[in-house]
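Chemist: Okay, handing you the structure first.
No value in this document is a laboratory result; all are computed from the given coordinates. This is a predicted model, so every value here is computed, not measured. A quick note on method: Cβ atoms are made from the backbone with ideal geometry, for glycine too, and the neighbour counts reach across all protein chains shown.
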Amino acid sequence: MILFILCFVLFLIGLYGVVTKRNLIKIIISIAIMEYSINLFFILIGYIKGATAPIINDEVQAAVFVDPLPQAMILTAIVIGLATTALLLAIAIRLYRKYGTFDIRKINSLKG
Amino acid sequence: MNSLVPLFVIIPLGSAFLMAIFGRIIKGFNKVLLPLALLFLTYLSIKFLLGAEGTITYQVGGFAPVAGVPIAIYLAVDGLSRLMLTIISLIGFLACFYSISYINIYTAERKYLILFSLMIAGMNGIVISGDIFNIFVFLEIASIASYALVAFGIDRQELEASFKYQVLGGVASLLILFSIGFLYWRTGTLNIADISTQLPYGGIFVKFIAMVFLVGFGLKAAIFPFHSWLPDAHSSAPSPISAMLSGVLIKAVGLYVIFRLFFNMFALSHQIAMIITVLGTLSMVIGGLLAIGQWDIKRLLAYSSISQVGYIILGVGIGMLILSRQGNTAVASLAIIGGIFHLLNHSVFKSLLFLSAGAVEFRTGERNMKKLGGLAEVLPVTSSTSMIASLSISGLPPFNGFFSKLLIIIAAVQAGYYLLALLAVIISIVTIGYFMKMQKFTFFNRSRVFWQDRNIREVPFVMCFSMIILALLCFALSLLMIPSLRDVVLTPAVNVLVEGLKYTNAVLGY
């Protein structure tokens with residue numbers, strides 16, 4: 001249970017960063033932290049203490065296997081996360097070229 | 001017909017792939033391929049809408065259920081999905097056709113069309129998927145394509161809007177993923193139909209998951225407290241993309257999934273229904289009031305989207321409230337018909353409004369209403385189609401917007417929510433106000449006639465064609481009030497929601 005709570009704390013740290021940080025790169029890092037906490041959460045869901053990998057053959061006869069589905073899901077989620085982070089960083093670089101700063105207080109051409 | 005279901009994802013995904021390979025070699029390949037592919041999808045979806053009955057399921061990979069437990073990824077196409085598929089394909093085709101000419105003001109048309117195609121693939125995937133993790137994957141495909149398309153102009157405003165949209169959209173996606181994980185933990189399955197049988201009724205966990213889902217998809221649908229990204233993103237995107245985002249994307253990604261999950265997966269609860277209705281009402285009121293003060297045409301339209309999405313949620317929310325306390329089912333289905341009908345109508349007239357705003361920008365390069373005026377004489381087609389859409393969105397008869405708003409208001413009165421009915425009427429009047437402001441300052445204001453001297457011509461035929469078709473649809477959709485037509489198009493969609501948990505039986509077949 002303590003692991004789940006720590007995982008949730010990690011999620012909240014990321015959310016705090018997204019809400020309070022003023023630097024584009026720090027915001028992107030905070031989103032990445034949130035993403036990792038969710039990846040961890042998925043792995044924790046599938047993990048069973050003392051269980052083996054779910055490969056059934058003659059040597060492995062264990063009765064308890066870990067759940068492979070969350071791992072498969074999280075592989076997909078990691079790839080999606082890579083795409084979002086790459087796009088965020090690309091936009092951040094473009095913004096830096098236009099404004100010459102990463103500070104979101106100075107990037108404010110949209111109002112109202 | 002079952003085997004045709006995956007085509008809705010395969011065709012746009014495949015054409016994106018083909019465009020990426022052959023678009024560079026063969027000149028004009030992209031501009032021909034994508035409209036044809038989307039036209040075929042429109043044909044296919046209308047065939048589904050008119051021809052199919054009940055729920056069509058397709059098991060990806062063909063794995064049959066073992067001992068009643070579904071193993072394969074399910075694709076489920078029921079009444080609501082069919083309606084959404086038709087909206088996505090039809091508006092997608094018209095916006096894509098319009099883009100053929102409009103894209104000339106940008107470079108990199110190949111990338112634009114590839115992203116457009118991926119966005120369609122993502123939205124179709126969300127709508128036909130019966131598996132909650134698959135919904136997440138397709139949602140990300142649609143969202144990432146739309147993030148890139150919002151930034152397509154790569155100027156200061158576009159980049160800033162895209163960054164804001166990406167941060168909020170990213171947080172929303174993570175909240176959705178978190179609640180999917182939570183659901184899997186509690187139920188051990190990802191199939192929506194199967195989850196609804198496994199999920200315990202009530203309980204703190206279910207309420208927590210429901211709230212996280214509501215925040216996640218509320219951010220995607222730009223419901224009131226989460227709306228701040230929408231005016232920036234929708235006004236900065238190229239106009240056909242704004243039409244797709246406002247007309248289709250927020251509905252397929254946000255509203256459709258909210259309706260699907262809260263009617264068909266979670267057991268209806270009075271508190272959640274109350275929260276949804278209140279948020280819908282607030283977005284209706286606040287979006288409408290914020291729209292009055294806008295001087296940028298596309299920004300005004302974006303705020304109006306928030307307001308109109310509020311109407312849709314209000315209609316469906318009233319239905320949900322009545323159903324959750326076992327009230328009169330006839331009134332509940334009337335309210336939900338109003339909401340779903342308004343969803344259909346809004347996708348038509350809001351895309352038309354964005355396309356005509358795009359036509360104004362295409363010819364004048366200006367979006368600020370203070371600097372425009374007197375365009376009615378030089379842009380007659382744009383002006384008249386924009387007028388039709390404005391009257392329609394303001395809810396004047398005989399246009400389609402009038403009937404859907406009328407249904408929502410009648411249902412609110414019959415259900416005894418007089419305050420909500422009054423607010424809906426007042427905001428409808430406010431809507432007339434800000435659209436008349438837009439019409440006057442953009443097309444009629446004769447004190448600023450200098451635009452007429454600048455040798456402006458009407459926009460090219462392909463752009464006019466899309467706008468005229470949408471304007472005709474504004475009239476034609478009023479015919480859905482005739483009961484026999486309504487039974488074909490709207491009633492199956494509404495029945496899916498009213499029958500709630502029967503979705504499970506329909507999909508799993510037991």
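Chemist: With a 10 Å radius around each residue's Cβ, average the other Cβ atoms per peptide and rank B:362-369, B:132-139, highest first.
Modeler: Numbers: B:362-369: 16.4, B:132-139: 23.1.
Per-residue mean Cβ counts within 10 Å order the peptides as B:132-139, B:362-369.
Chemist: One-quarter of the Cα convex hull surface for region B:2-508, in nm²?
Modeler: The orientation-averaged projected area of the Cα hull of region B:2-508 comes to 21.8 nm².
Chemist: Let me ask something additional. Just counting partner chain Cβ atoms within 10 Å, what average do the residues of peptide B:155-167 show around their Cβ?
Modeler: Shielding by partners across B:155-167 averages 6.
Chemist: Compute the FRET efficiency between B:Ile468 and A:Phe8 as 1/(1 + (r/R0)^6), taking r as their Cβ-Cβ distance and R0 = 41 Å, and round to the nearest 0.05.
Modeler: Values: r = 54 Å, r/R0 = 1.32.
It comes to 0.15.
Chemist: Relative contact order, percent, of region B:330-452 when contacts are C-alpha pairs under 8 Å separated by at least 6 residues?
Modeler: After rounding, I find 39 percent.
Chemist: Follow-up question, since we're still on this one. Rounded, prolate or oblate, given the Cα gyration tensor of region A:4-76, with a/c below 1.5 counting as rounded?
Modeler: prolate
Chemist: Now for a separate question. Quick one: Cα centre-to-centre distance for region B:19-60 and region B:141-166, in angstrom?
Modeler: 25
Chemist: Ok, one more. With a cut-off of 8 Å between alpha carbons and a minimum separation of six or more residues, what is the relative contact order of region B:389-478 in percent?
Modeler: 40
Chemist: For chain B, what is the relative contact order in percent, using Cα pairs closer than 8 Å and at least 6 residues apart in sequence?
Modeler: 17
Chemist: Give the aspartates and glutamates whose C-alpha is closer than 15 Å to that of B:Lys47, dropping any in the same chain fewer than 8 places away, or say none.
Modeler: Those aspartates and glutamates meeting the cut-off are B:Asp78.
Chemist: In nm, give the distance between the simple-model label positions of A:Lys98 and B:Ile154, each being 7 Å from the Cα along the Cα-to-Cβ direction.
Modeler: 1.2
Chemist: In nm, to one decimal, how far is the A:Arg22 label point from the B:Leu289 one, both placed 7 Å along Cα→Cβ?
Modeler: 3.0
Chemist: If you take the beta carbon distance between B:Ile46 and A:Glu59 as r and set R0 to 45 Å, what does 1/(1 + (r/R0)^6) give as a FRET efficiency, to the nearest 0.05?
Modeler: My answer for the efficiency is 0.20.
Chemist: I need the P(r) histogram for the protein assembly as shown: all alpha carbon pairs, bin width 10 Å from 0 out to the longest distance, whole percents.
Modeler: Calculated P(r), rounded to whole percents: 3, 17, 28, 28, 17, 6, 1, 0, 0.
Chemist: Then there's this: Per DSSP H run of n ≥ 4, the term is -39500 (n - 2.57); total these for the protein assembly as shown, divide by its residue number, and report the mean residue ellipticity at 222 nm rounded to 500 deg cm²/dmol.
Modeler: It lands at -23500 deg cm²/dmol.
Chemist: Compute the FRET efficiency between B:Gln198 and B:Gln326 as 1/(1 + (r/R0)^6), taking r as their Cβ-Cβ distance and R0 = 30 Å, and round to the nearest 0.05. Can you show the working numbers first?
Modeler: On the way: r = 24 Å, r/R0 = 0.79.
So the FRET efficiency works out to roughly 0.80.
Chemist: Remind me, what semi-axes does region B:75-169 give for its equivalent ellipsoid, largest first in whole Å, using sqrt of 5 times each Cα gyration tensor eigenvalue? Mind dumping the intermediate values first?
Modeler: Values: eigenvalues 132, 63, 17 Å².
Output for region B:75-169: semi-axes of 26, 18, 9 Å.
Chemist: Here's a follow-up. Could you calculate the contour length gain from B:Asn495 to B:Glu366, that is, 0.36 nm times the residue separation minus the distance between their Cα atoms, to one decimal place in nm?
Modeler: 41.9 nm
Chemist: Give the angle, between 0 and 90 degrees and rounded to the nearest 10, that separates the Cα long axis of helix A:2-20 from the longest principal axis of the Cα atoms of chain A.
Modeler: 10
Chemist: Right, next: If you line up the Cα atoms of region B:333-445 on their principal axes, what length do they span on each, largest first, in Å?
Modeler: So the extents along the principal axes, rounded to whole Å, are 48, 22, 20.
Chemist: Something else now. With respect to the cross-link table entries B:Lys164/B:Lys220; A:Lys98/B:Lys164; B:Lys111/B:Lys350; B:Lys251/B:Lys502; A:Lys98/B:Lys371; B:Lys350/B:Lys405, which display a Cα-Cα separation exceeding 19 Å?
Modeler: Flagged as over cut-off: B:Lys111/B:Lys350; B:Lys251/B:Lys502; A:Lys98/B:Lys371.
Chemist: For chain B, which DSSP H helices look membrane-span-like by this rule: Cα extent along the axis of 30 Å or more and mean Kyte-Doolittle of at least 0.5?
Modeler: TM-like helix candidates: B:29-51, B:79-102, B:156-187, B:270-292, B:297-324, B:329-364, B:418-439.
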